[in-house]
1. Suppose R0 equals 22 Å; then what is the FRET efficiency for Phe72 and Asp107 from their Cβ-Cβ distance, rounded to the nearest 0.05?
2. Once you treat every alpha carbon in the chain as an equal point and sum by Debye, what is log10 I(q)/I(0) at q = 0.09, 0.16 Å⁻¹?
3. Set the Förster radius R0 to 30 Å, insert the Cβ-Cβ distance between Val8 and Arg88 as r into 1/(1 + (r/R0)^6), and round the FRET efficiency to 0.05.
4. Mind putting a number on the dipole of the chain about its Cα centre? Charges go on the C-beta only, +1 for Lys and Arg and -1 for Asp and Glu, and I need it in Debye to the nearest 20.
5. Given 10 Å bins starting at zero, what is the percent of C-alpha pairs of region 28-68 in each, up to the one with the largest pair distance?
6. Return the whole-Å distance between the Cα centroid of region 94-130 and the Cα centroid of region 24-93.
7. With a 10 Å radius around each residue's Cβ, average the other Cβ atoms per peptide and rank 16-23, 40-47, highest first.
8. Under the rule of -39500 (n - 2.57) per DSSP H run of 4 or more residues, summed and divided by the residues of the chain, what mean residue ellipticity at 222 nm is obtained, to the nearest 500 deg cm²/dmol?
Amino acid sequence: MRAGLDLVSEALTELHGRFGSITDGQVASYIPVLARADANSFGIGVVSIAGHQYGARDVDVSFTLQSLSKPFVYALVLAERGLDGVTRWLGAEPSGEAFNAISLEPDTGRPANPMINAGAIVATALVSDGHPGRWHT
C-alpha cells in the first residue's frame, strides 16, 4: 500500500490502473447529453453506509446515469413497498426486449420488466415522497 492511502482507496486505484486504459467501444450519440461525454474520463467512486467517500481519478467529473439508475430505483421501491406492493404495479419477468421497448402485460397493462423504460417509469412513480404511508400512486 502506498503511503497515505487506505485499503479501499488502494483497491480502487488498482482497479483504475487495470481497467482505465480500455478504449473499446464508443460514446453513444443517440442522446445529446451522452454524445457530449468525454470518452477519456474514467473514475471509480464508493460511498460507505457511514458516509465515507473513496475514489480514484475522475470522481469529480459529472455524468448522466441514464439506465444505470434502474436497478437502484427498483431496489428502493422493493425495500419501501415489499414484493407484493411492487408487483401490483410492475412485473418482474425478463422480457428480452430492448431497453426502450413498450412492453406491457396484455391482461394487466403492467410493464413486464423494471429494467426497460416503461417499467423504470412505473418504479420511479412508486418511490415514496418521504412521508411514511403516503405514495405517489
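1. After rounding, the FRET efficiency stands at 0.15.
2. Log-scaled intensity ratios, in q order: -0.41, -1.00.
3. My answer for the efficiency is 0.15.
4. It works out to roughly 160 debye.
5. Each 10 Å bin holds this share of Cα pairs: 25, 46, 23, 6.
6. Taking the Cα centre of region 24-93 as reference, the centre of region 94-130 is 17 Å away.
7. 40-47, 16-23
8. -9500 deg cm²/dmol
Every number here is computed from the coordinates shown, using simple stated rules; none is lab data. Computed from a prediction, not measured in an experiment: that's the story for all the values here. Virtual Cβ from ideal backbone geometry, glycine too; neighbours counted across all protein chains shown.
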